[in-house]
Amino acid sequence: MSDTSPVAGELAALRAANEGLRAANAQLRLLLAEKDTRIAALSAQLEELGSQVADLAAQVKRNSRNSSRPPSADGLGKPAPKSLRKKTGRKPGRPKGQPGATMRLTDYPDHVVRHEPGACAGCGAGLAGAAQTGVERRQVTEIPPVKAEVTEHQLIERECRCCGTRTKADAPDGVRAPVQYGPRAAALGTYLWHGQFLSRDRAGAALAEMFGCVPSPAVIATAAARIAAIVSPAIDAIRKALIQAEVAHFDETGFRAAGKLAWVHSASSGKYVLVTVHPRRGKDGMDAAGVLGSFEGVACHDAWAPYDCYDGVAGHALCCAHVLRELIAVTETGTDDDVIWAQQGIDALLALKEAASAARAAGRDAIATGVLAKHAGYFQDAAAAGIVRNAARRGKLQKKRHALATRMRDRAGDYLRFAHDLRVDFDNNEAERVIRMSKLRIKISGCMRSMTGAETFCVIRS
């Protein structure tokens, strides 16, 4: 008999086949693992690309209505106006019963010209010496022709008969050169330049066309600097009034001066406005303005961090117009879940704004407690939902929304201060109206050639 049985030979073959299958299986597992790794990498890449596409789409949708971009940056693609105000049903124009404004006849005209009828309208007879039976008054307001006048000051010199000394008369105050422009001409040139934002060349051209005097750009710049020096004591008075104010508004913006980026800072409260310029945007520039460091009232501003360094204030009030723009951007670029919490935050803020306006109109010093608690709760709930929805913080948009919702939660008291204290405005528009003038100056002139010129502009605007 054979030492190897048929069964044993088949077993060896099966074992060899099994080993081959095991090797193939291991190879397949290795291939599957590589594919899983590749799929995971592609999924991560797809998610990253999707996040980038969302970021780019959000950038395309950014405009002056849903971000901090100025309206001038919208270009020809400026979005159609879309107000958050609710319709009141009021028709355009002056409300019924409200007094209008129109030119009225004055009882003290500068000139009176009588116009007599030439002949009778009935029979053609002459009317000389006929009785006057009535008069219709018509008045024309006109600017008389104005021409610059030249006044010569002759400083007489006389010789004393007793000692022979020659004595010359003193020049009047302000007359310092053989030929110069007077204070009215200097003030008008400065007004056209920094008050009405003409360029220096055009300000000089306007004076030439209207009054016949042709000051050079250098003359206008010198006049502006002299006026700034004259009114500088008023700046100290404005600064003291702002420090003592109960509520003040603060803002800052970039300003090109001497070929570099400087920063204009503003502080305002009612009729008191202080505009300063500094090379730095942050706390150094704010300290140089000399208000926030000593201010003990409520400071209204945006959410830029350096404002929070001043803990001596009675409180901070964050601009709700800024956060509204951020929330609008979420409703236009976010997911359906993001739209829900962002819209809830918008509705809560607008409801509180309306309640605050109604309370002021009614002469009350506070919003009804129930209304305040209800909508403040909605605002805080919206912030909490935004944090949860964007907790993963994948991509720039989610990180941005998470930061927004976190700020709304942590600074809810500052955002809603206008609802708790009716002295405080809903937004920081007062400061932005002040700061906008410096942007207009740069838009027209391009830049200020020196920091001295920038400081002169700020003093005069104050």
Can you go through T276, T190 and tell me which one is under 28 Å from C309 (Cβ atoms) and of a type in the set (V, I, T)? T276
Per-region count, the range 413-434, residues within 18 Å of A314 (Cβ to Cβ), part of a helix (DSSP H, G or I) and either touching a Ser or Thr at 6+ places or on another chain (Cβ under 8 Å) or aliphatic (A, V, I, L, M) (or both): 3
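Quick check on this structure: which one of G270, G254 is exposed (fewer than 15 other Cβ atoms within 10 Å of the Cβ) and in contact with a Leu (Cβ under 7 Å, 6 or more places away or on another chain)?
Details: G270 fails: in contact with a Leu (Cβ under 7 Å, 6 or more places away or on another chain).
Matching residue, one of G270, G254: G254.
Scanning for something in contact with a strand residue (DSSP E or B) (Cβ under 8 Å, 6 or more places away or on another chain) and of a type in the set (D, E, K, R), does the range 320-334 turn up at least one residue? Give the steps one after another, and end with the answer.
To start, the set of residues in the range 320-334 that are in contact with a strand residue (DSSP E or B) (Cβ under 8 Å, 6 or more places away or on another chain) comprises none.
No: the range 320-334 contains no residue that is in contact with a strand residue (DSSP E or B) (Cβ under 8 Å, 6 or more places away or on another chain) and of a type in the set (D, E, K, R).
If we scan the range 174-185, do we find a residue that is surrounded by 11 or more Cβ atoms within 10 Å (Cβ to Cβ) and at positive phi?
Taking the range 174-185 first, the residues surrounded by 11 or more Cβ atoms within 10 Å (Cβ to Cβ) are 175, 180-183, 185.
The next check asks that each one be at positive phi; those that pass are none.
No, there is no match, as no residue in the range 174-185 is surrounded by 11 or more Cβ atoms within 10 Å (Cβ to Cβ) and at positive phi.
Which residues, taken from the range 323-345, are hydrophobic (A, V, I, L, M, F, W, C) and either open to solvent by 50 Å² or more (accessible area, probe 1.4 Å) or more than 22 Å from W304 (Cβ to Cβ) (or both)?
Looking only at the range 323-345, we keep the residues that are hydrophobic (A, V, I, L, M, F, W, C), and these are 323-324, 327-330, 339-342.
Residues satisfying the conditions are V339, I340, W341.
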Only residues in the range 27-51 that are assigned to a helix (DSSP H, G or I) count as the first member; pair them with residues that are open to solvent by 100 Å² or more (accessible area, probe 1.4 Å), Cβ under 8 angstrom, at least 6 apart or cross-chain, and list the lot. E47/R394; S51/R394; S51/K396
Exclusive hit being among the hydrophobic types (A, V, I, L, M, F, W, C) and within 26 Å of L105 (Cβ to Cβ), set V150, V146: V146
Conditions (1) over 30 Å from K61 (Cα atoms); (2) open to solvent by less than 40 Å² (accessible area, probe 1.4 Å); (3) not β-branched (V, I, T); number of the one not met by L318: (1)
Only one of (1) touching a Leu at 6+ places or on another chain (Cβ under 7 Å); (2) in contact (Cβ under 8 Å) with a residue 40 or more places away in the chain fails for Y310. Which number is that? (2)
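Can you pull out the residues in the range 186-201 that are open to solvent by less than 100 Å² (accessible area, probe 1.4 Å) and among the charged types (D, E, K, R)?
Taking the range 186-201 as the starting set, the residues that turn out to be open to solvent by less than 100 Å² (accessible area, probe 1.4 Å) are 186-190, 192-200.
Hit for the range 186-201 is R200, nothing else.
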Residue satisfying all of: in the range 117-137; of a type outside the set (G, A, S) and touching a Leu at 6+ places or on another chain (Cβ under 8 Å); nearest to L105 (Cα to Cα) among these: R137
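From the list L397, L349, which one is farther than 26 Å from D421 by Cα and either touching a Gly at 6+ places or on another chain (Cβ under 6 Å) or surrounded by 17 or more Cβ atoms within 10 Å (Cβ to Cβ) (or both)? Break it down stepwise before answering.
On the way: L349 fails: farther than 26 Å from D421 by Cα.
Result: L397 is the single residue among L397, L349 that is farther than 26 Å from D421 by Cα and either touching a Gly at 6+ places or on another chain (Cβ under 6 Å) or surrounded by 17 or more Cβ atoms within 10 Å (Cβ to Cβ) (or both).
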If a residue has to be in contact with a Phe, Trp or Tyr (Cβ under 9 Å, 6 or more places away or on another chain) and either in a loop (DSSP other than H, G, I, E, B) or over 19 Å from C447 (Cα atoms) (or both) to count, how many in the range 190-203 make the cut? 1
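The values are calculated or read from the model by the stated rules, or taken from the named source; none is laboratory data. Since we're looking at a predicted model, the values are computed, not measured. Please note: Cβ atoms are built from the backbone with ideal geometry, for glycine as well, and neighbour counts cover all protein chains shown. Accessible surface areas use protein heavy atoms only, side chains included; no ligands, DNA or RNA. Shrake-Rupley method; radii C 1.70, N 1.55, O 1.52, S 1.80 Å.
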